[in-house]
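To start, the structure under review is shown below, and the notes come after it.
The values are calculated or read from the model by the stated rules, or taken from the named source; none is laboratory data. Predicted, not measured: the structure shown is a model, and the values here were computed from it. Ideal geometry is used to build each Cβ from the backbone, glycine not excepted, and the neighbour counts take in all protein chains shown.
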Amino acid sequence: MASIHILGLGNMGKYVAYAIMRQRQQAAFASTPPTTLLFHRPGLLAEWQSAGLSIRYTAMTSQGPVEGPPVQGFSVDLLDSTVATKIRYLIVATKAHATAAALVPLRHRLDARSHILFLQNGMGMV
Ligand SMILES: NC(=O)c1ccc[n+]([C@@H]2O[C@H](COP(=O)([O-])OP(=O)(O)OC[C@H]3O[C@@H](n4cnc5c(N)ncnc54)[C@H](OP(=O)(O)O)[C@@H]3O)[C@@H](O)[C@H]2O)c1
């Protein structure tokens, strides 16, 4: 099954990755595609390892912060020109002004069958 790749792993990108993986782990939604996190700098790999290869979600409620279980099971890819596997589904969650530069290292992995969802404020995708 083609993976959903996520580019831009700040607040929005990590939240979306978490939500997709949580859904995939429910029996009724087992057909949800797997998720691949795209790391644009090597330091992110070390951060990911020290986070236990997981994403945690803290909900702010009227009773205070409530932390959900850590979610694991993600694949990760370092943005590297030697990786040539095509990307079928891509979610871009960088700040809008960073969009064009962020897509350059992925150009060779996108083709007419790629679907890209931009989750951003602003006009960077134009
Ligand atoms: N956060 C929200 O609640 C929220 C709500 C509605 C809309 N939005 C919109 O969603 C978008 C993302 O917001 P955010 O809050 O998630 O921003 P953010 O926390 O700053 O995340 C942006 C991420 O993009 C990464 N990035 C920068 N350059 C990159 C590149 N060349 N390649 C790949 N990744 C790159 C940044 O990494 P570095 O650490 O290297 O800079 C950072 O991890 C924005 O357009 C924002 O307006 C956000």
Self-check item: Selection count where residues are more than 8 Å from the ligand (Cβ to nearest atom) and over 17 Å from the mean Cα position of the chain (by Cα), scope region 108-124
Solution: 5
Quiz item: LEU78: among the hydrophobic types (A, V, I, L, M, F, W, C), within 12 Å of the ligand (Cβ to nearest atom) and at pLDDT below 95, yes or no?
Solution: yes
Quiz item: Residues of region 40-67 being in contact (Cβ under 8 Å) with a residue 40 or more places away in the chain and in contact with a Phe, Trp or Tyr (Cβ under 9 Å, 6 or more places away or on another chain), which ones?
Solution: ILE55, TYR57
Quiz item: Here are ILE91, ILE55: which of them is among the β-branched types (Val, Ile, Thr), farther than 14 Å from LEU7 by Cβ and at pLDDT 95 or above?
Solution: ILE55
Quiz item: With (1) buried (at least 17 other Cβ atoms within 10 Å of the Cβ); (2) modelled with pLDDT of 95 or more; (3) in contact with a Leu (Cβ under 6 Å, 6 or more places away or on another chain) as the list, and GLN72 as the residue in question, which single condition is left unmet?
Solution: (1)
Quiz item: From the residues in region 1-31 that are of a type in the set (Gly, Ala, Ser), within 16 Å of the ligand (Cβ to nearest atom) and in a loop (DSSP other than H, G, I, E, B), which one is farthest from ARG56 (Cα to Cα)?
Solution: GLY8
Practice problem: Give me a count of the residues in region 41-51 that are at pLDDT 95 or above and assigned to a loop (DSSP other than H, G, I, E, B). | Solution: 0
Exercise. For residues that are among the aliphatic types (A, V, I, L, M) and more than 8 Å from the chain's Cα centre (by Cα), tally how many sit in region 1-34.
Key: 9
